[in-house]
Structure formats: C-alpha cells, structure tokens
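Okay, structure first, notes after.
None of the figures in this text is laboratory data; all of them are computed from the coordinates on show. Everything numeric here is computed off the predicted structure, so don't read it as measured data. Positions of Cβ are generated from backbone atoms using ideal geometry, with glycine treated the same way; all protein chains shown enter the neighbour counts.
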Amino acid sequence: MELSPLAVRVFRDLLETRTGQQLAENRLWRVETSLKPLMQAQAIDTPLGRLPTAGALDLEGLDLADADQDLLLSVDGSVWRQEAALSRDYLASFGDRLPPALWREQEALEARLGPA
C-alpha cells in the first residue's frame, strides 16, 4: 500500500515536531525499560551464545532438581558438534541458493565448538 503525498507530509511533519520526537523517545524508553532486566541478567559465554546462570532465572513454582537445572543450562560440545554436522549437510542441500551469510554463521558455530 502506498501512502498519499498528503499522508507522507503529515507523518513527516509530525516526526519533525516536538510531539513526534517525544512519541519516539517514549517508545524507545518503554523498549529499553522492558529489556533492562534481561540485559542485566547474569550469564556465561558458551559456544552457542550466552546462557543464563542458575541464579539469574526465576524458577519459583517449578519442581526442578538442581541436577536437572544444571543439565538444562549446560552445553554438551560433542552433541552440538554432531548437530552442526547435520546442519552442514542440510544447508549444503540448498546449493548456490543458500545465502553466504548462513554459511558464515555455520562455520563460526563449528569454530566455536572446536574439534572433536
């Protein structure tokens, strides 16, 4: 759907006014405020990315043993290397149609996982 020139002008004028800037700043503030607890959570670096520490999660009301919690928050390198190999085969099935960025992500994951 294409906006009429009048609608474009009205939106542009609104954004250029103080009211429009305040609206944009208010939305940004709401996003930052809602994400702040997530950005401050304790986490550890893993080959898959950052995982929360056990103390960073609110597990109240869950009947979860410490051993199970540790298992959920762990990364088994050998299992993930197998998964990466399967992913490589799957991505290869797309041939030249696969975006190079996906290959780079696959190779970066394999590098982070290291050799067997």
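Quick one: length gained pulling Arg81 to Ala101 fully straight, 0.36 nm per residue minus the C-alpha distance?
5.2 nm
Ordered by packing density, taken as the mean number of other Cβ atoms within 10 Å over each peptide's residues, highest first, how do 77-90, 94-107 rank?
Highest-to-lowest ranking by the protection proxy: 77-90, 94-107.
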